[in-house]
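The values are calculated or read from the model by the stated rules, or taken from the named source; none is laboratory data. If you're wondering where the values come from, they're calculated on a predicted model, not measured in any experiment. Here the Cβ is made from the backbone with ideal geometry for all residues, glycine too, and neighbour counts use every protein chain on show. Side chains included, ligands, DNA and RNA excluded: accessible areas come from the protein's heavy atoms. Shrake-Rupley method; radii C 1.70, N 1.55, O 1.52, S 1.80 Å.
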Amino acid sequence: MKKLLWLCLLFVAVPVVAQDYYPLHPYGLRKDTSRLELYGGMVLPGNNWEWKDGSGTHELGSTGWTAGMGFTRNVVSFFGLGLDGNYAQLGDGEKESSGYYRTGVATGLVTGRFTFFPSSATRPYIPFGFGIGHTFARHKLSGGGHKTVDGTDIAQMIGVGLEFDIDDEYLIGVETRYYHIHMTNDMHDAFNKNHFHHLLIMLKLGWRCF
């Protein structure tokens, strides 16, 4: 009788234990999950943020700051698609007798991201994007006032990053990006350039939305 009772208890306990046991995956990336990220850092202009005219070479921008926000939805664990908005404010150009330049770039991109070791808590990745970029250059005149030219055209981005899971919800990371902005209309006519390019170096904070 005792043996029969122990056997019955064993059969009851097995499904209960099995029901309560699930493998836990608190870290890493999974299919059909979303992330929101905020980031900021510095912008380093390329050497083509200069232009020449009859009076010499003029600096359009120097090292400045950048900030932005991105949203990514994982199609599969190692690849995601999303949207990204960024603003880069370059430092003022060198002051001259006529004044100085203040420039900036705002971009809105459709992005993709390849992630290596997606199930790990530490993950390198490659982001890329394509969209539009709005560039402005404001000439601050030494006598007062200013003259501004701007333009909106195609923008492209590629980068590399490394992120770390703090817990099952929050993550931090570092990222660098290269931006290529085409010049159009007034910007092209003012500086006789087909494109500008710059580099971003950033820290980011992100969290899983759902």
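Observations, loosely collected:
- Filtered residue count, the range 117-144, keeping only those that are part of a strand (DSSP E or B) and not β-branched (Val, Ile, Thr): 16
- Complete set of residues in the range 60-78 that are surrounded by fewer than 19 Cβ atoms within 10 Å (Cβ to Cβ), in contact with a strand residue (DSSP E or B) (Cβ under 6 Å, 6 or more places away or on another chain) and not in a strand (DSSP E or B): Phe78
- Looking across Asp168, Asp186, one residue alone is of a type outside the set (S, T, N, Q), open to solvent by 40 Å² or more (accessible area, probe 1.4 Å) and under 23 Å from Glu37 (Cα atoms). It is Asp168.
- Residue tally, condition closer than 19 Å to Arg102 by Cα, touching a residue at least 12 places away in the same chain (Cβ under 8 Å) and open to solvent by less than 70 Å² (accessible area, probe 1.4 Å), over the range 139-165: 6
- Only one of the numbered conditions (1) part of a strand (DSSP E or B); (2) open to solvent by less than 20 Å² (accessible area, probe 1.4 Å) is violated by Gly93, and that is (1).
- Among the residues making up the range 189-208, those that are open to solvent by 20 Å² or more (accessible area, probe 1.4 Å) and of a type outside the set (A, V, I, L, M) are Asp189, Asn192, Lys193, Asn194, His195, His197, Trp207, Arg208.
- Listed by first and then second residue, the pairs with beta-carbon distance under 6 Å, at least 6 apart or on different chains, first residue in the range 55-77 and on the phi < 0 side of the Ramachandran plot and of a type in the set (Gly, Ala, Ser), second surrounded by fewer than 19 Cβ atoms within 10 Å (Cβ to Cβ) and not in a strand (DSSP E or B), are Ser77/Arg30; Ser77/Lys31; Ser77/Pro118.
- Any hit, the range 139-154, residues being touching a Gly at 6+ places or on another chain (Cβ under 8 Å) and closer than 17 Å to Arg123 by Cα: no
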